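Just so it is clear, none of the values below were taken in a lab; they were calculated from the coordinates. Please read these numbers as outputs of a predicted model, since none were measured by experiment. Positions of Cβ are backbone-derived with ideal geometry, glycine not excepted, and every protein chain shown enters the neighbour counts.
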Amino acid sequence: LQITVKELAAKLEARFEGDGGFIIRGIGALDQVSSDQVIYASGRKNFLRAVEGGCGVIITRKAFKETGKALILTDDPRGGYIFCLGFFAEKPVFQAGSSAAVVDPEAEVASDAVILPGAVVDRGVVIGSGVVIYPGVYIGRDVKIGAETVIHANCVIGYNTEIGSRVLIHGGVVIGADGFGFFEDSEGRQQKIPQIGNICIKDDVEIGANCTIDRATAGSTVVGEGTKIDNLVQIAHNVKIGKNNIIVAQTGIGGSVVIGDNCVIGGQVGIADHCVIGDRVFIGSQSGIQPKVLDSGTSHFGSPSRPLSEMKRIIAATHKLPGFMEKFQD
Amino acid sequence: LQITVKELAAKLEARFEGDGGFIIRGIGALDQVSSDQVIYASGRKNFLRAVEGGCGVIITRKAFKETGKALILTDDPRGGYIFCLGFFAEKPVFQAGSSAAVVDPEAEVASDAVILPGAVVDRGVVIGSGVVIYPGVYIGRDVKIGAETVIHANCVIGYNTEIGSRVLIHGGVVIGADGFGFFEDSEGRQQKIPQIGNICIKDDVEIGANCTIDRATAGSTVVGEGTKIDNLVQIAHNVKIGKNNIIVAQTGIGGSVVIGDNCVIGGQVGIADHCVIGDRVFIGSQSGIQPKVLDSGTSHFGSPSRPLSEMKRIIAATHKLPGFMEKFQD
Amino acid sequence: LQITVKELAAKLEARFEGDGGFIIRGIGALDQVSSDQVIYASGRKNFLRAVEGGCGVIITRKAFKETGKALILTDDPRGGYIFCLGFFAEKPVFQAGSSAAVVDPEAEVASDAVILPGAVVDRGVVIGSGVVIYPGVYIGRDVKIGAETVIHANCVIGYNTEIGSRVLIHGGVVIGADGFGFFEDSEGRQQKIPQIGNICIKDDVEIGANCTIDRATAGSTVVGEGTKIDNLVQIAHNVKIGKNNIIVAQTGIGGSVVIGDNCVIGGQVGIADHCVIGDRVFIGSQSGIQPKVLDSGTSHFGSPSRPLSEMKRIIAATHKLPGFMEKFQD
């Protein structure tokens, strides 16, 4: 794959300076770039780092310095860079079919779907057009998978799960383990509460590697359209997550939690059972949300959490506390 | 599957009101119920939500309102609901055998055990009666698995592991990775301490999806009878966990920790190496337990943790700290 | 496997007392030892526990008490114990080849490499001498794996990953899921930023079970030589980790973080995107490191973190805060 500076500028509807015939053969990162690669600079500092790093071409707002390098000039350098990432992305090509997989005769698989070696598809499963199932994936009985969804290697999709279209599930994800529900009997033993619900993953969801999403006790655990989930996130039974949320790695969401739309939830956050979280809520990393309602548009931080601005004042105060106490102990 | 109101009331040894012939075809959740489903209400508020949600039948202590719906009246509505969950649970039926799995000729597999396609069973393994091994599971050499145990897809059970009867292991669990033990040599390199012990999982344990339980350096890592472990929990080498504990998701238990019986350990808790925890200990979510003894019957919270009631006072005080300091800065 | 006291003492260049012909048949742990096993004692207390536990032989600095047991006397009892762990470790023996695996004809596999049943090796993969790939592993296209590396069951190694020699990867690890990168479009939907970089795992790295290491947006995510990573650790896109670091379980390292050499990072730590961490840095468990530079040789603790000694004073002060405030409310 390659593209000239002139061609790339045209694609981005941008101007260019320097050698329009310069051939770009790949994408660099600020700390790792070679002389045939393009990079973007969001400002002067990164522009200078890019030049120093020896890149071939810089997508930038302007020339922060004379460099002799070809430049692509645009008001949205990051957007230009994202375009380039897409341009240079290798699109794996598969032959449709499932010749080295184990597919139950009662499963219904679209003729252009790809089921790679070692995958196991149970009875009653319906797999839509253009779906790719990587090796080692197990699809339990009666699972429905929408068009263009990709499930990476060694995922487990439990029975009755419903997955929408264009969903991207990374390796090792387990969807459909039992919800964690027990009651203590009179002899102090934990007795299992049967978990007979399912999981609905809506269109355009992305789920990171080794996440776990439990089936509902009854009803459904739901992940809404366009929500993006990072690696190693835990989603408990009967959780309802809305649309277009960002949930960063290693966060845990307790049973029956309700989350609205367009929230940003940081990494390693814990949300206790039955919390109700509105739209556009921001939760800082490592926060612990205890049973309560978080109103739409609010920000929260800390364990246990408080509104973000209040928690910042609390933290600043605790940092001054040793000195403050000393003064009073005189 | 279906049951009438009258039949269900009889099973629960409960009274009913309304149409005893009404046919129940499933279980609802408070936020997701249809007109042929049963639901339970723990009190007035949930009773009204259930009615509003359009359920068919309510299991309840009493009619909190005239509804025209069939009611099942019992002092233990939740118990009735749990009975219904069991009644409506689909029990997967498998054909015994292992025709599409890879089973070493030196493994000993009960004739009624089920080993599903793509599972790999190594030499010296002993698999008891009624065991179900899902696709993609790897059972290492000399592993012993007791009767009626179920191991879900893509688990890894390392060599020499001993698993009891009626154990339920969800997908993606890794039992038997090496304990995390190294020493720094004179050149600053980390040298591995061989990890040659094993893991014993006792009867009636449940282990959540993508958990990791490491083998002991020497001796055994032990999870005691009836202990229930949620998803993504880490249990390090040489840990000894007693009976009937509840360990919530994403908790990490450090090397050589000892835990008694009937404890409740919240989510995302960290327990440092060598802690000793008694019976009936409660640890709040996200707590960090540092090396020490926690006496039986005590409760703990915070990172680093303190006794629960003390930590609540500390947290309340820190929340008032900014205002407190301001007063003194006048 | 067995060794006499006299033979073991010779191997350790140590003295022995008691029956030199006593046959040692295994290794015990302090809480689990039998009469034909050896154990080590780091001091008087453990020596007495070892004697009480009924071990056969003790490796110790000196006889803290008359016991009648054979003793091996050395200035480094732990070193002697580690030698014994290596001596008694079972070394699995495999037949080279890949007869029950699915190996693409365009993959290049060393003749003495072992690819166990159910593994899938994609096109363009290069597998070095002595490599062992356990069942259920998926190796994506164009992955390179150096000599003597071992990849345990059900790992996923994404396309273009480069893995060095003598690397040990435990079960369920996912290397090469997409980095977590999105931008919000004008309609509030999250759009994916293509992730087209790769991952480089250098020589002698160990990676714990169910870890996740994401591919770079562009360039490489790097784990340096000799670094040891515990279970369930998350490493985001474009992270650069140096040599000989210890990273304890359930820690999460955010995008583009740079870590030097010989650091010790505790369990459940979170490191925010773009942090830069020097050499020989210590980070206490459950700490939250926010964007900033941590200088070489420093120690840090808390969420959000402060230098360790300062945080200890802050914590001590907050513990005294309720009493302190009460005094002033009189």
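Annotations
- Some residue of region C:66-89 being within 14 Å of chain A (Cβ to nearest Cβ) and either in contact with a strand residue (DSSP E or B) (Cβ under 8 Å, 6 or more places away or on another chain) or under 21 Å from B:Ala177 (Cβ atoms) (or both): no
- Count of region C:167-189 residues which are buried (at least 20 other Cβ atoms within 10 Å of the Cβ), part of a strand (DSSP E or B) and either at the interface with chain A (Cβ under 9 Å from one of its Cβ atoms) or not aliphatic (A, V, I, L, M) (or both): 4
- Residue check for B:Asn262: more than 9 Å from chain C (Cβ to nearest Cβ), surrounded by fewer than 24 Cβ atoms within 10 Å (Cβ to Cβ) and at positive phi: yes
- Index of the failed condition, C:Glu90 passing every other in (1) surrounded by fewer than 19 Cβ atoms within 10 Å (Cβ to Cβ); (2) part of a strand (DSSP E or B): (2)
- Counted residues, region A:244-259 - those being within 10 Å of chain C (Cβ to nearest Cβ) and either part of a strand (DSSP E or B) or at positive phi (or both): 4
- Any chance C:Ala41 is within 26 Å of the chain's Cα centre (by Cα) and more than 13 Å from every other protein chain (Cβ to nearest Cβ): yes
- Given (1) closer than 21 Å to B:Val120 by Cα; (2) of a type in the set (D, E, K, R); (3) surrounded by fewer than 22 Cβ atoms within 10 Å (Cβ to Cβ); (4) more than 21 Å from the chain's Cα centre (by Cα), number of the condition C:Glu106 does not satisfy: (1)
- Region C:209-218, subset assigned to a loop (DSSP other than H, G, I, E, B), aliphatic (A, V, I, L, M) and more than 14 Å from chain B (Cβ to nearest Cβ), residue farthest from A:Ala89 (Cα to Cα): C:Ala216
- Among the residues of this structure, A:Val269 does not count as one that is within 21 Å of C:Glu187 (Cα to Cα) and within 14 Å of chain C (Cβ to nearest Cβ).
- Count - residues of region B:135-146 that are surrounded by 24 or more Cβ atoms within 10 Å (Cβ to Cβ) and either within 12 Å of chain C (Cβ to nearest Cβ) or within 14 Å of C:Glu90 (Cβ to Cβ) (or both): 7
- Residues of region C:282-298 that are under 26 Å from A:Gly270 (Cα atoms) and surrounded by fewer than 19 Cβ atoms within 10 Å (Cβ to Cβ): C:Phe282, C:Gln290, C:Pro291, C:Lys292.
- Single match in C:Arg25, C:Arg61 (criterion: out of contact with any Lys or Arg (no Cβ under 9 Å at 6 or more places or on another chain), more than 26 Å from B:Asp185 (Cβ to Cβ) and of a type in the set (D, E, K, R)): C:Arg25
- Taking first residues from region A:143-154 that are closer than 10 Å to A:Ala119 by Cα and partners that are buried (at least 24 other Cβ atoms within 10 Å of the Cβ) and polar (S, T, N, Q), the Cβ contacts under 9 Å between residues at least 6 apart in sequence or on separate chains come to A:Ala153/C:Asn154; A:Asn154/B:Asn154; A:Asn154/C:Asn154.
- Region A:50-87: number of residues that are assigned to a helix (DSSP H, G or I) and either of a type in the set (Val, Ile, Thr) or more than 29 Å from the chain's Cα centre (by Cα) (or both): 4
- Hey, A:Gly255 in contact (Cβ under 8 Å) with a residue 60 or more places away in the chain and either under 24 Å from C:Gly302 (Cβ atoms) or over 17 Å from the mean Cα position of the chain (by Cα) (or both) or not: yes
- Residues of region A:293-320 that are in a loop (DSSP other than H, G, I, E, B) and farther than 30 Å from C:Ala316 by Cβ: A:Asp295, A:Ser296, A:Gly297, A:Thr298.
- Selection within region C:190-208 - part of a loop (DSSP other than H, G, I, E, B) and either more than 7 Å from every other protein chain (Cβ to nearest Cβ) or not hydrophobic (A, V, I, L, M, F, W, C) (or both): C:Pro194, C:Gln195, C:Gly197, C:Lys202, C:Asp203, C:Asp204, C:Val205, C:Gly208
- Some residue of region C:111-124 being in a loop (DSSP other than H, G, I, E, B), among the acidic types (Asp, Glu), in contact with a Gly (Cβ under 9 Å, 6 or more places away or on another chain) and away from chain A (no Cβ under 14 Å): yes
- Of all the listed residues (B:Ala10, B:Ala89, B:Ala14), the sole one being on the phi < 0 side of the Ramachandran plot and touching a residue at least 24 places away in the same chain (Cβ under 8 Å) is B:Ala14.
- Being more than 20 Å from A:Ala272 (Cα to Cα), basic (Lys, Arg) and surrounded by fewer than 18 Cβ atoms within 10 Å (Cβ to Cβ) is a property that B:Lys312 lacks.
- Residue within region B:8-17 that is among the hydrophobic types (A, V, I, L, M, F, W, C) and within 29 Å of the chain's Cα centre (by Cα) present: yes
- Qualifying positions in region A:223-243 - of a type in the set (Val, Ile, Thr), within 14 Å of chain C (Cβ to nearest Cβ) and outside any loop (DSSP other than H, G, I, E, B): A:Val223, A:Ile229, A:Ile241
- Close contacts from region C:122-138, counting a first residue that is touching a residue at least 12 places away in the same chain (Cβ under 8 Å) and farther than 22 Å from B:Val156 by Cα and a second that is among the hydroxyl-bearing types (Ser, Thr, Tyr) and surrounded by fewer than 24 Cβ atoms within 10 Å (Cβ to Cβ), with Cβ to Cβ under 7 Å and a gap of 6+ residues or different chains, come to C:Gly128/C:Ser165.
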